[in-house]
Structure formats: structure tokens, C-alpha cells
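The values are calculated or read from the model by the stated rules, or taken from the named source; none is laboratory data. Given the structure is predicted, the values throughout are model-derived calculations rather than measurements. Positions of Cβ are generated from backbone atoms using ideal geometry, with glycine treated the same way; all protein chains shown enter the neighbour counts. All accessible areas refer to the heavy atoms of the entire protein, side chains included, with ligands and DNA or RNA removed. Shrake-Rupley method; radii C 1.70, N 1.55, O 1.52, S 1.80 Å.
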Amino acid sequence: MIKRLLILLILALIFSCSNKKEEKEKSPYVWKTHSVRATAYNSLAYQTSLQPTIAAWGDSLKPGDKYIAVSNDLLKLGLDRNTEVKLEGFSGTFLVKDKMHSKWRNRIDIYMGVDVDKAIEYGVKKINIQYKTLKDSLKTP
């Protein structure tokens, strides 16, 4: 009886692992890594616009949300609206919800609500990001 249960458990593990591998291979997405300069911003009129809680694509920003803005050149790499992004030094996944001024290149801005001190403390850093993109839409920088 115990041997049977052990065999069934081993088979279940084997099949669950192979199914996950098959699911991963079937996924139309891959995670790409890219090095960027990162800064932080707040939803305050003097930092953004007269409507500081409205992002470039019309999304509403609320303190506590995990969002980033990207420079226009990163849009061409696939970092467009609602792209999932993992940031070095942060837990969880962020979403691209905003665009930066056209003067910036290879840069992201991390949304930090209205906590100006936190944004200033973050400063400017060079970090690696990972972003989710369609396999068939991969572009080189």
C-alpha cells in the first residue's frame, strides 16, 4: 500500500513538472533583461502636469500602486502600456503606465505616490530590469 502511494506520488510529481515545462514552452511570452538608469517620481503637479494623478495613457495613479514611466526609446523594445516589469532592488511586478519626456533615453521613472522624501532618497541608479514581451516581437536595442 505504501509502495503504491509512493509510486503514485512520484508519477504525479513527474507529470506536474513536465506539464509546467510544456506550459512554459507554449507561453507566447519571454522575460528580457535590460540595463537602465532609474529615477523616481511623484504624482504632484510640479513634477508632472496639472493632472498629476493621470498618466500618459489616461490611467489613474494612486499612492501604493506599482507603476513606472519609461523613456520613449524603451517603447520600441516592447515596454509599452501595461507591460509587466521586475525591477532590481524591488519585490513584485510593476506595470508600465506612463511615458517620460522625449529628452530622456534608456530611462525609467519609478512611481512613489506623493512621498517626495522617498523619491529623493532613491536618487538615480543604474539597474537591471526584466520585462515581459511576446516572443515573436523581440527587438534588439
(Q) What is the sum of charges, Lys and Arg at +1 and Asp and Glu at -1, for the other residues whose Cβ falls under 10 Å from the Cβ of residue 35? (A) +1
Q | Accessible area of the stretch 65-111 belonging to carbon and sulfur atoms, whole % at 1.4 Å probe | A | 44 percent
(Q) Here is the link list: 26/76; 76/99; 103/135; 62/103; 26/66; 76/135. Which ones come out longer than 19 Å on Cα distance? (A) 26/76; 103/135; 62/103; 26/66
Q | For the stretch 29-127, convex hull volume per residue from C-alpha positions, Å³ | A | 98 Å³
Q: Determine the per residue accessible area of the stretch 53-99 with all protein chains present and a 1.4 angstrom probe, expressed in square angstrom.
A: 47 Å²
Q: Give a residue-ordered list of calculated ³J(HN,Hα) values for the stretch 99-106 (Karplus: 6.51 cos²θ - 1.76 cosθ + 1.60, θ = phi - 60°; whole Hz; x for Gly, Pro).
A: 10, 8, 4, 5, 6, 8, 10, 6
